[in-house]
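Have a look at the structure that comes next, please.
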Amino acid sequence: MSEASFQQPDRRRPEPLWYQVEEAIRAIVKSGEWATGDQIPAEDKLCALFGVSRITLRHALRNLEEGGLLRREHGRGTFVRSTTLVAGTRELTSFTQEMGNMGVVAGSRLLDCSLTTANASAAGALEIEEGDPVVRIRRLRLGNNEPIGIQTAQLAAARVPGFLDAGLLQGSLYEALERHYGIVPVAARENYRVGAVGAADAELLDLPAGSPAFVVERITTDERGPFEFTVSIMRGDRYEIRSTLRAGRVPSTPRS
């Protein structure tokens, strides 16, 4: 790629240099100039192209690695990561936003959108009565046109009147809910377990039946309470969970 593709940080801007470098690298990946699997230039080359110190560059690269956009291989270098959704400590965002933060183009294929009734699990999650109407939205989730998971969301129908007739699934569901119903997510609780992909889902995910997957249950709430209950089947080879562990006891300062 040409050196003109590298946007050097502007030291007059209030954002830290490492942040500007991080955003510049995201833009390069998002543009497709660095494709999945490509090895990025060595640190000394990047430092020269961006006009920053090695410390600044490493700060940016570390953030991109932790965010799942890059992967570092000892003795080989740093590469653009394959489409992998990394779950860990993060903000409450939609799938579209989360993938965008990783420099990955999010996509969806609508499998089903219908009115049904809440079973015991959905009723308990949404704090409604079993048998109450819910809007069921089932989508195949894509990243850079590759299947990542299948998400089945259920919304309490009383919170989203007219949803099925409004054509609201062209983009982010959360954006549509805020725009049309004033529903703004404020918190979510997720439970993870490992499961096997069934035959029907395996075909959609381009996997052999029985392949390992993460099963993720998510209850999302706004100021009025829970409005969404989602069950996701995420490919085990394209979905990671990362967490930072901290010591429960702070070591005492050694005496001199």
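Under a Cβ-Cβ cut-off of 13 Å, what is the net charge of the residues other than Asp222 that fall near it, where Lys and Arg count +1 and Asp and Glu count -1?
Details: positive: Arg159, Arg224; negative: Glu127, Glu178, Glu223, Glu228.
Charge balance in the 13 Å sphere: -2.
Show me the ranking of peptides 69-75, 214-220 by mean Cβ neighbours inside 10 Å, starting with the highest.
Values: 69-75: 13.0, 214-220: 18.7.
Sorting 69-75, 214-220 by mean packing, highest first, produces 214-220, 69-75.
Right, next: I want the local charge near Asn191. Using Cβ-Cβ distances under 9 Å, sum +1 for each Lys or Arg and -1 for each Asp or Glu among the other residues.
Numbers: positive: Arg189, Arg193, Arg218; negative: Glu190, Glu217.
Overall, the nearby charge balance is +1.
For segment 135-188, which whole-number percentage of the solvent-accessible area (1.4 Å probe, protein heavy atoms only) is attributable to carbon and sulfur atoms?
Values: 1050 of 2400 Å².
So the carbon and sulfur contribution to the accessible surface is 44 percent.
How much accessible area per residue does segment 185-237 have, counting only protein heavy atoms and a probe of 1.4 Å, in square angstrom? Walk me through the numbers on the way to the answer.
Working: 2730 Å² over 53 residues.
The answer is 51 Å² per residue.
By per-residue mean of other Cβ atoms within 10 Å, what is the highest-first order of 129-135, 55-61? Show your work: numbers first, answer last.
Numbers: 129-135: 15.1, 55-61: 18.6.
With the highest mean Cβ count within 10 Å placed first, the list reads 55-61, 129-135.
Here's a follow-up. Collect residues whose amide H, placed 1.01 Å from N in the peptide plane, falls under 5 Å from the amide H of Ala118; neighbours closer than 5 in sequence don't count.
Excluding prolines and chain starts, which carry no amide H, the hits are Gly131, Asp132, Val134.
Taking Cα centroids, how far is segment 116-189 from segment 49-73 in Å?
Here the answer is 36 Å between Cα centres.
Note down the net charge around Asp132, summing +1 for each Lys or Arg and -1 for each Asp or Glu among other residues with Cβ under 15 Å from its Cβ. Mind showing how you got there, number by number?
Working: positive: Arg136, Arg159; negative: Glu127, Glu129, Glu130, Glu228.
Around Asp132, the charge tally is -2.
Using a Förster distance of 41 Å, how high is the FRET efficiency between Arg13 and Glu146, based on the Cβ-Cβ distance and rounded to 0.05? Walk me through the numbers before you get to the answer.
On the way: r = 35 Å, r/R0 = 0.85.
So the FRET efficiency works out to roughly 0.70.
The values are calculated or read from the model by the stated rules, or taken from the named source; none is laboratory data. As the structure is a prediction and not an experimental result, all values here were calculated from the model. So basically every Cβ, Gly included, is an ideal-geometry build from the backbone, and we count neighbours across all protein chains shown. Accessible surface is based on the protein model in full, side chains and every heavy atom, while ligands, DNA and RNA are left aside. Shrake-Rupley method; radii C 1.70, N 1.55, O 1.52, S 1.80 Å.
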